[in-house]
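Q: Here's a structure for you.
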Amino acid sequence: MTNTVWTPTSRSPNGFNSGYYENPKMNELLASARATSSEAEMVKILHEIRDIVTDDVAFIPLYTPIQVYAMRPEVKGFVLAPQHWADYTSVYKE
């Protein structure tokens, strides 16, 4: 699990925390979710995170356009995240 939105370390240019959101409880829960080996425990923690984000109104997606990505065959490692925030750190050219 990576985090590019909710933590202070994910502020630009390291992530998408453009609102400078910071909540120490959120940071603690994210660390716990990353550390657990139990899927059930991780889901429980993620539900707590969801509730905090909802209460804090930390992020409101207003519009997500459909995006098209085209790559040459020698470009490898690109993964389109479900939220359409592209992470190019794993991209390389063969």
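The values are calculated or read from the model by the stated rules, or taken from the named source; none is laboratory data. Quantities reported herein were computed from a predicted structural model and do not represent experimental measurements. When we count neighbours, we look across all protein chains shown, and the Cβ atoms used for this are built from the backbone with ideal geometry, even at glycine.
Q: For S38, only one of the following conditions fails: (1) loosely packed, with under 11 Cβ neighbours inside 10 Å; (2) modelled with pLDDT of 90 or more; (3) within 14 Å of the chain's Cα centre (by Cα). What is its number?
A: Single failed check for S38: (3).
Q: Can you tell me which residue in region 12-35 is modelled with the lowest pLDDT, limited to those that are polar (S, T, N, Q) and surrounded by 11 or more Cβ atoms within 10 Å (Cβ to Cβ)? Write out each step before concluding.
A: Filtering region 12-35 down to residues polar (S, T, N, Q) leaves 12, 14, 17-18, 23, 27, 32.
From what is left, the residues that are surrounded by 11 or more Cβ atoms within 10 Å (Cβ to Cβ) are 14, 17-18, 23, 27, 32.
Details: N14: 79, N17: 77, S18: 73, N23: 87, N27: 87, S32: 93.
Per the criteria, the residue is S18.
Q: Something else about it: Give region 1-50 a look and list any residue that's touching a Ser or Thr at 6+ places or on another chain (Cβ under 7 Å) and part of a helix (DSSP H, G or I), or say none. Give the derivation first.
A: Quick first cut of region 1-50, residues touching a Ser or Thr at 6+ places or on another chain (Cβ under 7 Å) only: 3-4, 10, 12, 15-18, 27, 30, 42, 45.
Once the filter is applied, which keeps residues that are touching a Ser or Thr at 6+ places or on another chain (Cβ under 7 Å) and part of a helix (DSSP H, G or I), region 1-50 yields S10, N27, L30, M42, I45.
Q: Among the residues of region 51-78, which ones are surrounded by 10 or more Cβ atoms within 10 Å (Cβ to Cβ), modelled with pLDDT of 85 or more and assigned to a loop (DSSP other than H, G, I, E, B)?
A: G77, F78
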